[in-house]
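Accompanying notes for the structure given below.
Each value in this text was obtained by applying a stated rule to the coordinates, not by laboratory testing. Just so you know, these numbers come straight off a predicted model, no measurement behind them. Don't worry about glycine lacking a Cβ; one is built from the backbone with ideal geometry, like all the others, and counts go over all protein chains shown.
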Amino acid sequence: MFSLENFDIKLNTDIIGRNFIYTDEIDSTNSFLLNKSNKFSVDGTVLLAEKQEKGHGRNKKVWYSTRGYNLTFSILLTNKKYLEKNFNILNFAASLAVANAIENIYQLKTELKWPNDVLVNGKKIAGILMESVSRGNKIERLVIGVGINVNQILFQGNFNITPTSIKLELNETVERERVLAEYLNNFEEVLAKFEASPAEVLKDWKAKCGLLGEKISITDGEKTKYGVFDDIDEEGFLLLKNKGKIEKIYYGDVNI
Ligand code: BTN
């Protein structure tokens, strides 16, 4: 059982997670918060579910998580101050905060993989899926979905990157309440940095990105491109260098 009391003592934020919803089962925490008719609109609302029937990840992949073992939650952002900026960088803010939280509590060395995977020892420990609803050319609500593998030790399915969990890396069961509170505390800090300067968030993110400067391939469906991972531009797109030319990559899976 997730102890709301234990979580609440550890939560140190002003906005993020102050409106907190805990549910046993839902289709997807992202889909629920994205849907306006569910009437949640408070900026910083966090929805945590023990089990998602339709938990999904990037590339329409299913996100599996066994009930009670991990953290699957979403954060709703509705304040214009975030949505009017280069909100794509929030993807980076969200994954950076996972890396910071895991390093702070457990001293596990994390690495970030473009666009927003968190790795430990080359294995995926967390993923982020940001989704939004717009009206005209304005983003109305933005949801950041986070899946952190906490105490799971067996994973089903086919994976591009081998999954791991905090428990597998540490060899001990860990407190989900602590991980979530530390994450949200950290995310609020990174968000403040984003408000002041999205470029600073990108700089911190790049410092943890192991593949910068490496020869990589990028797969998007059937297409694969090759080159050197030159940089990430100010909008968060990957710059791939090949034969002296730089190509901007908007989407895809990066591999060595
Ligand atoms: C990925 O690595 O592909 C992103 C995975 C994101 C999964 C989380 S779990 C909570 C939230 N609800 C969803 O349906 N997906 C995200």
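Take the Cα of N19, step 7 Å along the line toward its Cβ, and report every residue of region 34-64 whose backbone nitrogen sits under 13 Å from that point. So the set is 34-47.
Over region 99-256, the Kirkwood radius and the radius of gyration, each from Cα atoms, give a ratio Rg/Rh of 0.98. Separation of region 33-100 from region 136-201 is 9 Å, based on Cα centroids.
Counted over all Cα-Cα pairs of region 215-255, pairs farther apart than 17 Å make up 19 percent. Peptide packing: for 58-64, 241-247, the average count of neighbouring Cβ atoms within 10 Å per residue gives the ranking 58-64, 241-247, highest mean first. Here the contact order of region 4-207, divided by its residue count and restricted to Cα pairs under 8 Å and six or more residues apart, works out to 24 percent. Over all pairs of different C-alpha atoms, region 4-207 has a mean inverse distance whose reciprocal, the Kirkwood radius, equals 16.9 Å. Here region 1-74 yields Rg over Rh of 0.97, to two decimals, using C-alpha coordinates and the Kirkwood radius.
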